[in-house]
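The values are calculated or read from the model by the stated rules, or taken from the named source; none is laboratory data. Bear in mind the structure is a predicted one, so any value in this text is a computation, not a measurement. As a convention, Cβ positions derive from the backbone with ideal geometry for all residues, glycine included, and neighbour counts pool all protein chains shown. These area figures cover heavy atoms from the full protein model, side chains too; ligands, DNA and RNA do not enter into them. Shrake-Rupley method; radii C 1.70, N 1.55, O 1.52, S 1.80 Å.
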Amino acid sequence: NSRRIAADVCVLQLEDGRLCFLFGFGSVVCWGFKTDELRRVRRLVRRTGGSETLRPEEVETDNMYFGCEQVDYDQDFDVEGNVSISGDNITLLTKSVDEALAYSYAFAQSVKLSGFER
């Protein structure tokens, strides 16, 4: 299931709940994808990316590990608990698309900005 969430972001939600966000500024953030699946996503984005495709050595990649405190996909954000970010690990409060999108924006912008720092 894929859909546009905002003017600058689309989401692909797989049947098992895994998510892939594609941002208009060129970043892709995937949740729960294996390395070979990420390669396929990158190839697909390259094929459909238009004229501004980066060379492989210019692509910025960052990996994080995540878990979830709650398992209710429809859980509201008024739950008690703490999001935990430590090193390359993040623990989300819910499995909602909205929560993953919020962190995905931050991750995507961080990786994009690191490309400018070179």
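Residue 91 falls short of the stated requirement of being loosely packed, with under 11 Cβ neighbours inside 10 Å and modelled with pLDDT of 70 or more. Reported count of residues in the stretch 1-48, each being in contact with an Asp or Glu (Cβ under 7 Å, 6 or more places away or on another chain) and either part of a strand (DSSP E or B) or among the charged types (D, E, K, R) (or both), is 1.
Can you tell which of 96, 110, 104 is surrounded by 14 or more Cβ atoms within 10 Å (Cβ to Cβ), closer than 18 Å to residue 8 by Cβ and at pLDDT 80 or above?
Numbers: 96 fails: closer than 18 Å to residue 8 by Cβ; 110 fails: surrounded by 14 or more Cβ atoms within 10 Å (Cβ to Cβ).
Only one candidate passes the filter, namely 104.
I want to confirm something. Restricting to the stretch 74-88 and keeping residues that are assigned to a strand (DSSP E or B) and not β-branched (Val, Ile, Thr), which single residue is modelled with the highest pLDDT? Per the criteria, the residue is 86. Within the set of pairs 6 or more residues apart or between chains, which connect a residue that is closer than 16 Å to residue 106 by Cβ and open to solvent by less than 60 Å² (accessible area, probe 1.4 Å) inside the stretch 6-23 to a residue that is outside any strand (DSSP E or B) and among the polar types (S, T, N, Q) with Cβ atoms less than 6 Å apart? Sorted first by the residue in the stretch 6-23, then by its partner, the pairs are 21/104.
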